[in-house]
Amino acid sequence: MTTDAGLLAVRELDDALGLTGMAGVMIQDGRTGRNIRHEITGLPRQSVYARLAGYEDVNDQELLLRDPAMRAVVGKKALERNAAGSQTLSRFETETLAADENLAALSSINHAWAGKAMRVTGARRIILDMDSSESPVHGNQEGSEYDGHFCSRRYHPLFVFNQYGDCEGAHLRPATSIPPMAGGTCWSPWWTGTWLQARSSTSGETPPSPRPRSTNTWRRRASSTP
């Protein structure tokens with residue numbers, strides 16, 4: 001029996017869009033040996049789906065490794081035996097994902113997902129909207145600060161959305177960052193137009209050159225306040 005049967009419907013949508021399958025290809029597996037039980041595609045899938053079901057602590061995986069819905073979601077050997085335990089998933093999140101090449105992959109994975117969807121639309125222009133937000137933390141994590149406006153200790157992440165509301169990417173920043181800070185770092189991978197180039201190669205069309213416009217500086221009429 002399971003209380004998380006809804007994950008099976010999400011998995012069907014996942015399969016149709018190829019989301020976690022793409023993540024498994026982009027994340028590099030540094031594990032070696034013959035005793036590897038869970039494929040690299042199943043580990044991010046289990047990590048994401050557990051949080052989707054409300055299990056935010058890795059220790060919760062001990063309750064889920066025998067859950068029939070989670071085993072079906074992970075697939076492969078998990079169907080025959082069990083899903084990954086808390087120690088396996090913890091090593092995946094703190095060691096495998098922490099590798100430099102995988103941090104770079106994680107920073108571009110949303111863009112790859114959104115680009116796959118954009119290539120099947122008739123869009124000839126992409127509009128990117130950058131918005132900062134708050135990310136509250138618990139404890140004294142490096143780079144976090146107390147913010148009196150939000151009444152919490154937090155980070156100040158930056159998000160990039162396209163005109164359809166899809167999140168093209170995110171950039172985690174210290175709490176002391178002002179909105180324009182690191183904008184170029186977050187912006188450049190997307191406005192250079194990977195999906196535009198892919199569209200031109202399949203349709204024979206030459207996409208227009210993206211022209212980023214900066215709204216970092218503005219002044220009100222009859223006012224010197226930036």
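The values are calculated or read from the model by the stated rules, or taken from the named source; none is laboratory data. Since the model is a prediction, treat every value here as computed from it, not as a measurement. Because the Cβ atoms are built from the backbone with ideal geometry, glycine has one as well, and the counts that use them run over all protein chains shown. Each accessible area value is taken on the protein alone, full model and side chains, heavy atoms only, with ligands, DNA and RNA left out. Shrake-Rupley method; radii C 1.70, N 1.55, O 1.52, S 1.80 Å.
If you check ASP29 against the conditions, is it at pLDDT 85 or above and either closer than 14 Å to LYS116 by Cβ or of a type in the set (D, E, K, R) (or both)? No; evaluated as a whole, the condition is false for this residue. The set of residues in the stretch 138-157 being outside any strand (DSSP E or B) and crowded, with 16+ Cβ neighbours inside 10 Å consists of SER144, HIS156, PRO157.
Identify, please: which residue in the stretch 76-87 is open to solvent by less than 40 Å² (accessible area, probe 1.4 Å) and outside any loop (DSSP other than H, G, I, E, B) and is, among those, modelled with the lowest pLDDT? Of everything passing the filter in the stretch 76-87, ALA78 is modelled with the lowest pLDDT.
Restricting attention to the stretch 15-54 and to residues that are open to solvent by 70 Å² or more (accessible area, probe 1.4 Å) and among the aliphatic types (A, V, I, L, M), the residue that is nearest to LEU89 (Cα to Cα) turns out to be VAL48. Picking from residues in the stretch 158-168 that are assigned to a loop (DSSP other than H, G, I, E, B) and open to solvent by 30 Å² or more (accessible area, probe 1.4 Å), the one that is nearest to GLU56 (Cα to Cα) is ASP166. Scanning the stretch 1-14 for residues that are open to solvent by 90 Å² or more (accessible area, probe 1.4 Å) and either modelled with pLDDT of 85 or more or of a type in the set (S, T, N, Q) (or both) gives THR3, GLU12, LEU13.
Just to be sure, is ALA114 out of contact with any His (no Cβ under 8 Å at 6 or more places or on another chain), part of a helix (DSSP H, G or I) and within 23 Å of LEU19 (Cα to Cα)? Working first, answer last.
Numbers: out of contact with any His (no Cβ under 8 Å at 6 or more places or on another chain): yes; part of a helix (DSSP H, G or I): yes; within 23 Å of LEU19 (Cα to Cα): yes.
In short, yes.
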